[in-house]
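Following: one structure in structure tokens, then a few remarks.
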Amino acid sequence: QEQGHGWGDDFALYVHQAQALVKGDVGRLIADTRFMLDNSPTHTFSPPAYPWGLPLMLAPVVALAGLNWFALKAVIVACLAGLVVMIQRVTVPRLGTLVSSALALFVALCPLYWRWAGTVTSDIPSALFFFTVLWWIDRCRRRVRHSDDAERLGNHLAGKQKNHSRLARRTGGRA
């Protein structure tokens, strides 16, 4: 066990999915996980695979650094940095520069977020994707205000972005 790494939660399947992407044996990983779940007395504790957003972000790190927890956690820290930027961008039109900058600074310095940044889980990447979608929707709406066709296109693209945000985290039920 590496110092500073907690061994609970969903990190193992995210990392295994990243390894499967690198090795090219995704089907085997899903089959093995499904076999384990089907033969477990508590088969509802995990889906056969989580959404692929976080494993896709981890795969290049796994390919370059292997099972290096510092490098894997760096992906989550980068997502936290992106989240802080997106929170500020989304809230400026609603709260003004001063308040939105204070909110972003609060998130950047909050010990709870840094504790989450020290784990290889989807909480922070999911929040980053969510705020990126909100930013994209705002951007589309501001750009296409005067044209029905452009507004439909903007809404379509925003819907696509929303669906992409589900790559980071799925709520409820088995995958």
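The values are calculated or read from the model by the stated rules, or taken from the named source; none is laboratory data. Just so you know, these numbers come straight off a predicted model, no measurement behind them. So basically every Cβ, Gly included, is an ideal-geometry build from the backbone, and we count neighbours across all protein chains shown. What goes into the accessible areas is simple: the full protein's heavy atoms, side chains included, and nothing from ligands, DNA or RNA. Shrake-Rupley method; radii C 1.70, N 1.55, O 1.52, S 1.80 Å.
Subtracting the Cα-Cα distance of LEU67 and ALA108 from their residue separation scaled by 0.36 nm leaves 12.1 nm.
Rounded to the nearest whole Å², what accessible area per residue is found for segment 35-129 with the 1.4 Å probe? Before the final figure, lay out each step's value.
On the way: 4890 Å² over 95 residues.
Computed with neighbouring chains in place, this is 51 Å² per residue.
Can you pull the percent of segment 53-134's accessible area that's carbon plus sulfur, 1.4 Å probe, other chains left in place? Please list the in-between numbers first.
On the way: 3100 of 4020 Å².
So the carbon and sulfur contribution to the accessible surface is 77 percent.
When you count the other C-beta atoms within 10 angstrom of each residue and take the mean per peptide, 55-64, 11-20, 26-35 line up highest first as 11-20, 55-64, 26-35. Decide, for segment 87-135, between rounded, prolate and oblate: order the square roots of the alpha carbon gyration tensor eigenvalues as a ≥ b ≥ c, take rounded if a/c falls under 1.5, and otherwise choose prolate if a/b is larger than b/c, else oblate. It is oblate, given that a/c is not under 1.5 and a/b is not larger than b/c.
Database remark: amide H of ASP25 closer than 5 angstrom to no amide H (H placed geometrically; neighbours at sequence offset of 5 or more, or on other chains; Pro and chain starts carry no H).
Rounded to the nearest Hz, the phi-derived 3J(HN,Hα) couplings of segment 66-73 under the Karplus curve 6.51 cos²θ - 1.76 cosθ + 1.60 (θ = phi - 60°) are x, 8, 9, 5, 4, 5, 5, 5, where x marks glycine and proline.
Sequentially through segment 24-35, phi angles give Karplus couplings (6.51, -1.76, 1.60; θ = phi - 60°) of x, 10, 4, x, 5, 4, 5, 5, 4, 5, 4, 4 Hz, Gly and Pro residues having no value and appearing as x.
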